[in-house]
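Structure, as C-alpha cells:
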Amino acid sequence: MSSSRKSKGFHPAAPTLYLRLAGIFFLVLILSSVILFGGTFYTLYRSLNADDEQYARDRLLSYWARYQATGIEGLMDEFQAESLIFDDRPFFIRLADLENKTLFLSYPEHWESFSILEYLETKKPEELGKKLQIEDPGREFVLEVNTIKLDQDYLLQVGTSSEKREALLGLYRRNFLFFLTFVLVFGLTAGLILASRAVAPIRRLSFTLKEITTTGDLSSRLPNRNTGDEIDELSVSFNRLLDRIEGLVSRMKETLDAVAHDLRTPLTRLRGGAELALQSNDENRREGALSDALEESERILTLLTALMDISEAESGILKLHRVEMQPREALEKLVEIYSFAGADREIDIDLSGSFPATIYADPARFSQAAGNLLDNAVKFSPGKGRIVVSGKVLQDKKVFQLKISNQGPQIKESDLPRIWDRLYRGADTGVSGLGLGLSLVKAVTEAHGGSAMVENIAGETGVCFTIEFPLEHK
C-alpha cells in the first residue's frame, strides 16, 4: 500500500495545500458574491426608496398647485374624486389645521389596522415636519408620511406604502439565497478541481524528488507543459538543475576514475621504492629509492592540490587575495624563468604589447595561470621555436587581455571544446602531464571574473591561448 501511494505522488503536504487552495477559491467566490449582492441590494433599495419619495412629493406638489389655483373648496373636490379612484400605487390623504386637527382623511380600507388617525393626531405640530412611519405589527410593510404646509391655516399629508418596495427587495433576497446555494455548490466543486490542477505539478515535482532520493537515478525529468506560467518555469528550472547535477556527478565520476588511474602508477612506484629501501642493505640504493619515493609523493601532492584548487574555484570558494598588481612586472619574471627552461631547445620567448599600470588580481594566482600557459607553450613548442606573450587593454570591456601563442602542433577541432576539462589530455600529444594545467588556468581566470579561450592560428602550426582579467574589482 505504501508503494502504491508513493507511485501516485501522494504525500502529507499535498492535501493541505490542495485544501487551502480550494478553500481560498471558495472563500473568494463567496465573498465576491456577498459583496456583489450587498452592492446591488443597496443600490436597488436606494432606487426604490427614492422612487417612493418622488411619488409622494409629486402628489404633494400637485395638491399644493390645486390649492393655490382653486382654494380649499377645489382641493376638497379633488380629494373626493381621488378617494374613489386609486391607481396602482395606494396612498392616503390627510388635511389638518395647524393645531393638527383632522379636517379630511381618506385611505384604502385594507389599511384600517394601521390606526392612521390615532397615530397622526398624537403628534405635535413640530414633529409633523419630519418624515413619519406608521407601523402595524401584523404587517411586513409600513406607511411613510410626508407633510407640506399649504399656507398659514392648513397642513397636507400624503402617506404611501412600502409594500411594493419590500416585496421587490424580498424577492431579490430570496433569489439571492437560491443563487448563493448554487454558488456554494459550484464554488466548492470548481475550487476542488482548480486546486487539484494547480497542485498536480507540485505533486509531480515532489514525486520526482522522492524517486531520485530513493533510487539515485538522476535521469527523471518533469514534463514540460509549455504554458509559460510560474509552475512551468519551476519545472524548467528544476529540469535544468537536474541536468547540471547529473553533469556534475558524471564529471565527478570521470574525475575520480582518472584520479584513481593517475594515482595508481605513482603509488605503485612509491610502494616499490619503499619496499626496495627496506630490503636493500646498500646505502646508495636506499637513498635513491627514498629520493624516488619523495618525487612520487610530490607528484601526488601536486595532483591533489591542483584538483582542490580547481574545485574551489569552480564552486566559488577559492580565496583570492586581490591587490593592485603590475602585470608586466609579473610577466617579465615568468618570461625569464621559462626562457631558461627552454634554452636547451633554443626556444625564444618575446614579451610585447601594451600593459596597464595595475590590475586588481591575486598576484600568486595570476602568475600561476600565466605560468601554466607558458609551461604548456614551452612543452609543445618545437626546437628553435618562438613563443609570443602579448598584452592588450580592452577599454570597452574594462579587461586586460593576455595572449600566449606558440608554434607547436595545432589542437584537433574535436578536442578544442574539451581542452579546459580537468584531467583531459588529447590523443597523440607526445607530452606527459596531469591534464590539470589548463583546467586550473580557466578556473583561476573565471574566479577573478575573467575568461579563458583557445584557438588554432591560421596555417599549419600554432596555437594561441587568451586569458582576460578585469582591470578593476567587480
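The values are calculated or read from the model by the stated rules, or taken from the named source; none is laboratory data. A quick note: this is a predicted structure, and the numbers were derived from the prediction, not measured. Glycine gets a Cβ as well: all are built from the backbone with ideal geometry, and neighbour counts include every protein chain shown. Just so you know, the surface numbers come from the protein's heavy atoms only, side chains and all, with ligands and any DNA or RNA stripped out. Shrake-Rupley method; radii C 1.70, N 1.55, O 1.52, S 1.80 Å.
Before moving on, here are some points about what is shown:
- Residues that are at positive phi and open to solvent by less than 50 Å² (accessible area, probe 1.4 Å), drawn from the range 100-126: ASN100
- In the set (1) at pLDDT 90 or above; (2) closer than 23 Å to GLY385 by Cβ; (3) part of a helix (DSSP H, G or I), the condition left unmet by GLU329 is number (2).
- Boolean, LEU318 is surrounded by 16 or more Cβ atoms within 10 Å (Cβ to Cβ), modelled with pLDDT under 75 and either in a helix (DSSP H, G or I) or touching a His at 6+ places or on another chain (Cβ under 9 Å) (or both): no
Every residue, every condition in (1) hydrophobic (A, V, I, L, M, F, W, C); (2) surrounded by 15 or more Cβ atoms within 10 Å (Cβ to Cβ); (3) touching a residue at least 12 places away in the same chain (Cβ under 8 Å), yes or no:
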position: LEU36; (1), (2), (3): yes, no, no
position: GLY39; (1), (2), (3): no, no, no
position: LEU48; (1), (2), (3): yes, yes, yes
position: GLU53; (1), (2), (3): no, no, yes
position: ASP58; (1), (2), (3): no, no, no
position: TRP64; (1), (2), (3): yes, yes, yes
position: GLN80; (1), (2), (3): no, no, no
position: ILE93; (1), (2), (3): yes, yes, yes
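- Lone unmet requirement of (1) part of a helix (DSSP H, G or I); (2) touching a residue at least 40 places away in the same chain (Cβ under 8 Å); (3) surrounded by fewer than 17 Cβ atoms within 10 Å (Cβ to Cβ) for ASN284: (2)
- Of note, TYR360 satisfies the criterion of being of a type in the set (Phe, Trp, Tyr) and in a strand (DSSP E or B).
- Considering (1) modelled with pLDDT under 90; (2) under 48 Å from the mean Cα position of the chain (by Cα); (3) surrounded by 17 or more Cβ atoms within 10 Å (Cβ to Cβ), the lone condition that PHE366 does not fulfil carries the number (1).
- Check on ALA443, modelled with pLDDT of 85 or more and assigned to a strand (DSSP E or B): no
- Verdict on LYS412 being open to solvent by 60 Å² or more (accessible area, probe 1.4 Å), without any contact (Cβ under 8 Å) to a residue 40 or more places away in the chain, assigned to a loop (DSSP other than H, G, I, E, B) and over 24 Å from LEU318 (Cα atoms): yes
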